Each structure stands twice: as C-alpha cells, then as structure tokens.
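Working notes for the structure below.
The values are calculated or read from the model by the stated rules, or taken from the named source; none is laboratory data. Quick caveat: nothing in here was measured; it's all calculated off a predicted structure. Every residue, glycine as well, gets a Cβ built from its backbone with ideal geometry; the counts of neighbours run over all protein chains shown. SASA here: full protein model, heavy atoms, side chains in, ligands and nucleic acids out. Shrake-Rupley method; radii C 1.70, N 1.55, O 1.52, S 1.80 Å.
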Amino acid sequence: MPHSPATRAGGFLRDVLRPGGGPGYRYAPGLRAAVSMGIPLTAGAATGHLPWGLTATMGAFTAVYGAKEPYARRAVLLAGVGAGFVLSVAAGSLAGGRIWLAPVVIGLVGAVATYVCDALRIGPPGGYLFALACAMSTPLPFDGAATGQRVALAAAGAACAWLVSMSGFLVDRGGPETTAVADAYEQLAAYLDAIGGPRQDAAQHQAAIALRTAWYAVAAPPQPRGRAGGRARLRPAVRQAHHVFAAAVRAAAASREPLPDDLAGALRSTADCLRERRASPPLPAPGPGGEPAERRAVRGEVGQAVRDAVSGAPPDDAGELLEPSSATRLLASARKRHSLVLPAALRVGSGAVIAGWLAHVSGFAQPYWASGAAIVVLQGANVTTVIRRGLQRGAGTAAGVLLGGTVLALHPGPAALVAAVMLAQFAAEAVLAHNYALGVAFITPLSLFLTEAAQPALPVGHLVAARLLDTVCGCAVGVAAGLTLWRRTSTVRLPSTLAHVIRAEGTAWHLILTADDSGNGAAATARHRLRTELINLRTVAESAAGDRPAPCELARLWPAIAATQQLGYLAVSTTRPPSPRPRPDPGDAARVRRAFDTLAASAATGAPPPPLGLPPLVLPARLDAALHALHSALSAPHTGECGRRSLRRGRR
C-alpha cells in the first residue's frame, strides 16, 4: 500500500468516467434469470392473462441473486430473497393509490433491503430490485382481493425462480464450491506475481477476499451423508491455499523483491486442474541460487507451500479455519459505529422518498421510476461512485429507451414481447457486472416491455418520454443526496475503524506470543476475526478515497493503514509462537498488548502516541519493525486542515 488513492493525479475525473464492474460476462446467471422471467410470462400469454405473468415476474427477480453460492446455502438464501419480494409486493399494494404514502413505502423497502443485503454480503443488485417490485405494485388503488392475487402470483414467480436457480444441482452439485476455490488460487497467483511491485498490497487484499469466499463456500451447511465428497476434497485445498498466503505474507515482509514466476504459474495450473477435476502436475524443486541464505529460506518456504498445495498434500492444522459468522451476527455487526451499512441504507431510503415526491409534484406519469433511479444511483458507497452511477445510469437509459422504443414501435405480439423481455433480461444480467452503463441499456428496455405488457394502451412515445423524465429526476436527486447526506461516511469512520483493527491485532499478537508450541483455540479465533477486520479496513479506506472534497484524513492515515495491514497479516500468517526467540514473560506480553492499545487510542484521537517503551528482544524482528513503523506513521506531524481536525478530535 505504498501510495494513498486520495493522492492520485486526475483520480476523480478518471474514477467518475471509468465504466466500472468486474471482469468477464455472467452468461449462466443471465440464462437462469431469463428463463425464470420467461416461464411466468409465457404461462400468462398462453392463458390470455399476460398481466398475471407480469406480476409473477416481480417474484422471479429472485433468480438474479446467489449465483455464486453453494447450492445448500443458495437454497436458504433464495427462499429468503423470494419471501422478501413477496413482502415488497404486498407493501406496495397496500400503499397503492396513496400518492404521498407510496414514496415513503418504496423508500422504507429500499432502505431495509439495502441494509440486509449489505450486512449479509449478498451482493449486487442489492436492495434495488426489492424497491422496484414494491414500486411496480403502487400505481393501482388498493384492493384487498387484488392484493392477495398479486402476492400469490409473486410467490409463484419466486418459487419458479428458486427451482430454475437450483437446477444446476442436478448437473454439478459441487460446481460453485469448485469455482470459488479455483478463483482463490487465481488470486493467490496474482498476489505472488505482485510481490515487490506497486500492486502488492491491493493484490494481497483481493487474495484475502478470495480466500474468505472460498472458505465460506466449502464451509457451507453440511449435506446428507454420502453427498459431501466434493466439499471434503476441497477443504484441504483451501487450507493449503491459506498456507501459501501466509508464506507469501512472510516473504513480502522479509523483502519486496519479486518471487520466481514458476510459483504463480503453478497456482494457475492448479486452478485449472481444480475446475477440470484432474490432478495437478508436480512443481519441480528449485535449484541452488546465489541469493542470501535468509532470502533463499523465505523463497523456499513459499515454494514448499505451493508444492504442497499443488500436490494436494494434507494440511497439518486441521482445526485452524473456523466456521463463517451466522446471519444474526452479521446483521448485528452492521450496526456498529465503524460499519458503512446503516448510513448507506438511510441514504437510499431518503433519496427514494425525495425523488418520488418530487416526480409526483412535477406531474410525471410514472413517479416510481424516479424512486428506482435514485436508489440505483445511491448504491454507490461514496461521492465518486454516486456521480459515476448517475452519469452511467443517464447514458444507459438514453440508449435503452431508443432501443426499447424502436422495438415497441413495431407493435410486437405477446409471444414476441415475451421473447424481447427474456432477451433483455439475459443481456442485462450477463453484462451488468462487466459494464454498468451497457447493462442499464438493456435493463431500460426490460422495464419498458414489462410496462407495455401491463398497460398496452399507453402510447409508445408517452412511455419513452416518461421513462426519460423520471430517470433524469431520480438520477439528479440521487446525486444530490449522495453529495449532501452522509457524504463523508467512510472518511469519518476511518480513524475509529483503524483503531478497532489495531486493538484486534493487539489481542491476536498477545495470544500468539503467550501460546504454547501447539498454539491455542483462542489465538485461532482471534486470527479468524482479524482477517475480516483487515478486509473491512481496506474497504473503508478505498471507499474514503472516493469522498469529496478529497479527504486529507486518508492521506494522513494512509501510512498507518499500510503498517496496520502489515501487522495484521503477519498475525494472520503466524500459526505458531515465533521462534527461535523465547516466549516473553507475562509482564512483557502485557506491555505489548498495552502498546497496541496506546497506538489504537492515537489512531482514534489523532494525538501523537507516546514512546512504545518495549524492552529489547521481546518481539520477533518482523513484528518489532512493523510495530515501530506504525508508531512512526501515527507520530507524523499533522498540517493544515487535517492538523486542525485531529487537534479538535484529540481534545474531545
């Protein structure tokens, strides 16, 4: 982490205009979503009740979620998602016809759905589709019988989507777990390639996320006896991947020199072999080199870890990795002061209400589209991503209404309209993660087609104009809300988040230094929790980099964040007490713990920390160097506005 992202030249304009999204296209999830959407629409068209099929598609949005989850967890997750869509339709129907109440209900549904999706790490599209299902249920006046019918149809659509999304279990029941583990090996290879270069710390962060995802995949709820063979095969591979990561962390701490290319290549080969369910070729032992003995030993440690992973050798610490956190614990953790989840949910809800009211006051025909556009824009975590989302949403909508209006101008029949909906849903889901603006260009025709199916009497020109106006209104409100409501959430939380992680590191190192030769369960638990805290710290820091005005707080704290990451990942990679130094006595270990607490207090208040005061030869050399690097970073003088803010925070 050598450079703060807040200091990159031209970073704001480049970040705003960047297409965004992840690499690759999602063809399989897109196909599942299209089929889930097409079945109820086809049934409705075949029976002469196309509006019923349209209502069922609100529940069929269930298929968009959980694409990477193992089937055991996916079954539970999609059942909950489907229930969420049914409740959203019910809430929208109950608010139907109440002009001032409908935006409040849409905003409430969007806020709750955003909170739950972010807290449980469900992933895109987050709470947006729940709010959309609610909004699409609000135009008609409330009617008890009609509400019951809509709820039943939405439940049927959700059940259909559940069956389609789970159908892959019949073909490859271990596919999601295998993909997650193979992806982890790919990210490990990228990390080994990055050691010694400018992307080392970013690659380390991505590898840590991939390893957590892989472990959560293979630690899914147990399957019936005789059906868990694939998962049992993959668990040792994940443990060995953690060994490679730990060895790489220690190698990076010892020297920033690059590692041999064949190690990363062997990991990529192993990833391919995992996907193809075949054995990996052996990695040759390294020949003698002319480098120093210490560096050769570090390289040898990484090389041995890679060879063990490639060969499938059983790991020697079967109890090291712990079970994932429960949903209850994740929801509770999202309420903590250093979490970004609650402010994001409140911002989404507020923006949706304001956009809906403004669109109605302005006399727009479909004001719920404005609420939906605001929610999409406010899915961004900071000012930069909010503005980017607003621009891309506007550009994608403009392209989408031209495409959708052209299709509707041809007056397609029910069968052609169903085919157009399925094609638009497939294209949107396939490309959205790769390029958001392009995905929106397909989402917009989808909403036009669904509206046309529900209200075929509406003129096409009126429909297109209403979509454009409502989207512009929603995007404008969303950007304005992002610029005014909790706009520096990440920056404000960064000092407390850093302090929280430093205290967690103090706990982990205290347990590591006082453990016996076999380690202990408390130290393993502390390391497990520290992994999550380190990922969260990097996430908050990267989010703060997009806050505007450019956060001087991030630039000031970035060296301390870098040192904290190094300290933390050293703790995560230390599974046994350091040797050959003797363990410190209890008094020295307590002083080490107090040193971490002192540094945490300094990070939280902005006040310079006092001298560490640790006696010599108490700590291993790497830990001692990293701890003093953190102390030096927190001791750096504050200048300008950052200095004044830190002084005020210290006085409080």
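A few comments on the model shown:
- The value of relative contact order for the stretch 23-97, using C-alpha pairs under 8 Å at least six residues apart, is 25 percent.
- Residues W100 and D143, FRET efficiency given R0 of 22 Å [Cβ-Cβ distance, rounded to 0.05]: 0.70
- Cα-based shape type of the stretch 105-195, given that a ≥ b ≥ c are square roots of the gyration tensor eigenvalues and the cut on a/c is 1.5: oblate
- Summarising the label geometry, the points placed 7 Å from Cα in the beta-carbon direction at S496 and L120 lie 2.6 nm from one another.
- Hypothetical label at A365: residues of the stretch 55-85 whose amide nitrogen lies under 14 Å (7 Å Cα-Cβ projection): none
- Modelled label positions at T539 and Y27, each set 7 Å beyond Cα in the direction of Cβ, lie 3.1 nm from each other.
- Calculated FRET value between A332 and A607, using beta carbons and R₀ = 25 Å, to 0.05: 0.20
- Simple label model, 7 Å out from Cα along Cβ direction - E276 to H411, nm: 5.6 nm
- Mean accessible surface per residue for the stretch 127-194, computed with a 1.4 Å probe while every protein chain stays in place, in Å²: 37 Å²
- Prolate/oblate/rounded label for the stretch 409-512 (Cα gyration tensor, a/c 1.5): prolate
- If R0 is taken as 35 Å, the Cβ-Cβ distance between T484 and S635 corresponds to a FRET efficiency of 0.45.
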